[in-house]
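Scroll down for the structure; my scribbles are underneath it.
The values are calculated or read from the model by the stated rules, or taken from the named source; none is laboratory data. The structure displayed is predicted, hence computed values, not measured ones. Note that we place each Cβ from the backbone using ideal geometry, even for glycine, and neighbour counts take in every protein chain shown. Only protein heavy atoms, including side chains, enter the accessible area calculation; ligands, DNA and RNA are left aside. Shrake-Rupley method; radii C 1.70, N 1.55, O 1.52, S 1.80 Å.
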Amino acid sequence: MKIALMDSGIGLLAAAAAVRRLRPDADLVLSLDPAGMPWGPRTPEDLTERALAVAEAAAARRPDALIVGCNSASVHALTTLRARFEPDLPVIGTVPAIKPAAAGGGPVAIWATPATTGSPYQRNLIREFAQGVPVAEVPCPGLAEAVEQADQAVIDEAVRAAAARTPEDVTTVVLGCTHYELVADRVRAAVQRPDRPPLVLHGSAGAVATQALRRIGARPEPEAPAEGTVTVLLNGREGALPASALAYAEGRLLAQTSPVR
């Protein structure tokens with residue numbers, strides 16, 4: 001079994017680690033775009049062009065499924081990617097976990113990039129899935145970029161600033177950018193109020209990994225032998241995980257496996 005994941009940078013680590021935990025025997029292909037990141041500020045047309053190139057590099061390794069490990073790419077490029085690769089290669093997008101978050105009753109905050117916050121895409125998801133639960137959209141300028149660079153001081157400042165914009169009565173936070181899942185503990189610590197019940201966080205990595213297995217007719221087997229390999233593609237060429245990936249538990253988990261030779 002071979003699962004490919006694509007993103008401009010290390011935002012795909014959370015989903016890749018989720019796949020690794022569900023199927024330690026699966027080979028992983030991580031296709032990144034260091035020459036073009038970040039994707040968020042790009043026009044939809046430019047982002048789609050770059051996403052196609054990264055996806056083509058991953059598809060050339062003949063995976064069984066392709067995970068788009070980026071919210072921005074899922075918003076703008078998923079339809080194009082599916083038209084290009086399906087049905088031969090299932091393509092799984094990443095959508096903010098608004099529906100399960102709202103099911104908890106709320107109030108809910110969605111932390112997202114400034115480009116996604118207030119966008120028609122996110123507003124449509126809120127209308128469709130929030131079911132009347134109060135939802136606050138919280139922009140997080142600079143947070144994804146800081147996570148990408150593993151700049152700890154800037155991460156802390158960006159998280160503090162976003163927490164200050166988060167309503168005090170929020171019980172649930174949706175992590176609307178895959179990079180944010182890498183610093184989920186810091187988000188929780190910043191938003192949790194001492195006199196409130198434990199904050200609930202919703203990311204997308206686990207659901208995306210499960211959906212990828214479902215699409216190819218595979219089952220989770222977390223006890224399978226840890227024989228899966230990791231191949232990293234940097235603009236189509238084999239390379240190593242960015243050094244910043246090792247600042248996160250998800251990156252260290254993947255680095256325990258040597259890349260394909």
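Here are a few things to note about the model shown:
- The number of residues in region 173-190 being more than 15 Å from Leu13 (Cα to Cα) and open to solvent by 10 Å² or more (accessible area, probe 1.4 Å) comes to 5.
- Sole exception among (1) out of contact with any Cys (no Cβ under 7 Å at 6 or more places or on another chain); (2) under 24 Å from Arg252 (Cα atoms); (3) not hydrophobic (A, V, I, L, M, F, W, C) for Arg84, by number: (2)
- Residues located in region 82-123, provided they are open to solvent by 60 Å² or more (accessible area, probe 1.4 Å), in a loop (DSSP other than H, G, I, E, B) and not hydrophobic (A, V, I, L, M, F, W, C): Pro87, Asp88, Gly104, Pro114
- Filtered residues of region 124-142 (kept if farther than 22 Å from Met37 by Cβ and part of a loop (DSSP other than H, G, I, E, B)): Ala130, Gln131, Gly132, Val133, Pro134
- Subset of region 124-141 that is open to solvent by 10 Å² or more (accessible area, probe 1.4 Å) and among the hydrophobic types (A, V, I, L, M, F, W, C) - its residue that is nearest to Ile3 (Cα to Cα): Leu125
- Among the residues making up region 219-234, a single one is under 10 Å from Asp25 (Cβ atoms), open to solvent by 20 Å² or more (accessible area, probe 1.4 Å) and hydrophobic (A, V, I, L, M, F, W, C): Ala226.
- Filter result for Gln152 (touching a Ser or Thr at 6+ places or on another chain (Cβ under 6 Å) and within 27 Å of Gly36 (Cα to Cα)): no
- The residue that is farthest from the chain's Cα centre (by Cα), among those in region 207-238 that are among the small types (Gly, Ala, Ser) and within 18 Å of Pro63 (Cβ to Cβ), is Ala224.
- Residues being in a helix (DSSP H, G or I), at pLDDT 95 or above and farther than 22 Å from Leu182 by Cβ - total across region 58-80: 2
- Answer residue from region 1-57, given it is of a type in the set (Ser, Thr, Tyr) and either open to solvent by less than 30 Å² (accessible area, probe 1.4 Å) or in a helix (DSSP H, G or I) (or both) and is farthest from Leu241 (Cα to Cα) among those: Thr48
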